Amino acid sequence: MKFFIDTANLEQIKEANELGILDGVTTNPTLMAKEGISGNEAIIQHYKYICEIVDGAISAEVLSTTYEEMIAEGEILAAIHPNIVVKIPMIKDGVKALKYFSNKGIKTNCTLIFSAGQALLAAKAGASYVSPFLGRLDDISTDSLNLIEEIRLIFDNYGYETEILAASVRHSMHIINCAKIGADVVTCPIQPILSLLKHPLTDSGLEQFVKDSQKMQ
Ligand code: E4P
């Protein structure tokens, strides 16, 4: 399973990359705005910085919502670096844009996926990734892991190569369950990834080993 970090914060991206397990980065307008990035030049420059840090798929989301504008914006984003994946919302014009970019060999990530039907449409249109949002479904008392299972089944039934990119991942159990179900990628902030390495028996075991190692010196 691939690990992407879900942030536009360069320090956090560097920290995750230094762990040696990072396969990519996802951003969205909320995350970019949080870092104070505004204006076309600054947006492009920020994606360049991210591409310099991480050698992997970097999702850059379009800000527009009409077909023509998404195409124009996506072309500019895709030209920044070969690793850029154009992130397109799951709307009618978005499906058309996914098909356009797929025909041109430009990678896409279809975002704001909340149902299996939406994922099927995006795969049919040639999306490279679909992003089902787990945490936001859990927030409205809906079984987000069931959605991942449904999408996995559908994609396997028809051999779709579209990767399931589990997004809005909030904690380490989301990551573990996604891995059990067979999501291709999870994207989340650094904290849930760091939680994976924690176990109290590891801490107490290491404490004892360090103590005993002093008797050996
Ligand atoms: C990723 O592609 C999404 O933009 C992101 O995971 C959304 O996460 P949130 O629901 O925590 O905002």
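Over the stretch 7-124, what is the relative contact order in whole percent, taking alpha-carbon pairs under 8 Å and six or more residues apart? Taking the mean separation of contacting Cα pairs over the length of the stretch 7-124, I get 20 percent. Working from label points 7 Å from Cα in the Cα-to-Cβ sense, the Asn146 to Ile53 distance is 3.7 nm. In terms of surrounding Cβ atoms within a 10 Å radius of their Cβ, Ser213, Ser141 rank from fewest to most as Ser141, Ser213.
Relative contact order for the chain: 17 percent, from Cα pairs under 8 Å spaced at least 6 residues apart, divided by residue count. Charges were assigned to the Cβ only: +1 to each Lys and Arg, -1 to each Asp and Glu. The resulting dipole of the chain about its Cα centre is roughly 240 debye. With contributions of -39500 (n - 2.57) from each DSSP H run of at least four residues, the per-residue ellipticity at 222 nm computed over the chain stands at -16000 deg cm²/dmol.
In the stretch 16-137, inverting the average of 1/r over every pair of distinct C-alpha atoms gives 14.6 Å as the Kirkwood radius. Note on the stretch 1-82: percent of Cα-Cα distances in each 5 Å bin, starting at 0 and stopping at the bin with the largest distance, equals 3, 15, 27, 25, 18, 8, 4, 1.
A simple spin-label model places the labels of Val210 and Ile176 2.5 nm from each other, with each point 7 Å out along Cα-to-Cβ. Residues within the reach of a label modelled at Ser115 (point 7 angstrom out along Cα to beta-carbon, backbone nitrogen below 14 Å), restricted to the stretch 168-190: there are none.
Hydrodynamic estimate: the Kirkwood radius of the chain over Cα pairs, inserted into Stokes-Einstein at 4 °C and 1.567 mPa s, corresponds to D of 71 µm²/s. Only one residue of His81, Ile44, Leu112 has its Cα farthest out toward the positive end of the dipole of the chain, where Lys and Arg carry +1 and Asp and Glu -1 on Cβ, and that residue is Leu112.
Relative to the dominant Cα principal axis of the chain, helix 172-181 is inclined by about 70°. Annotation: Cα Rg of the stretch 119-178 relative to the compact-globule expectation 2.2 N^0.38 Å equals 1.10. Anything over 21 Å Cα to Cα? Flag those among Lys104/Lys124; Lys2/Lys107; Lys107/Lys180; Lys2/Lys87; Lys34/Lys87; Lys34/Lys96, in the order listed. Listed pairs above 21 Å: Lys107/Lys180; Lys34/Lys96.
Here the label points at Leu63 and Lys104, each 7 Å from Cα along the C-beta direction, are separated by 1.9 nm in the simple model.
Every read-out reported here was derived from the displayed coordinates using simple, explicitly stated rules and does not represent laboratory data. Note that this is a predicted model, so its numbers are computed, not measured. No Cβ is skipped: glycine too gets one built from the backbone with ideal geometry, and neighbour counts run over all protein chains shown.
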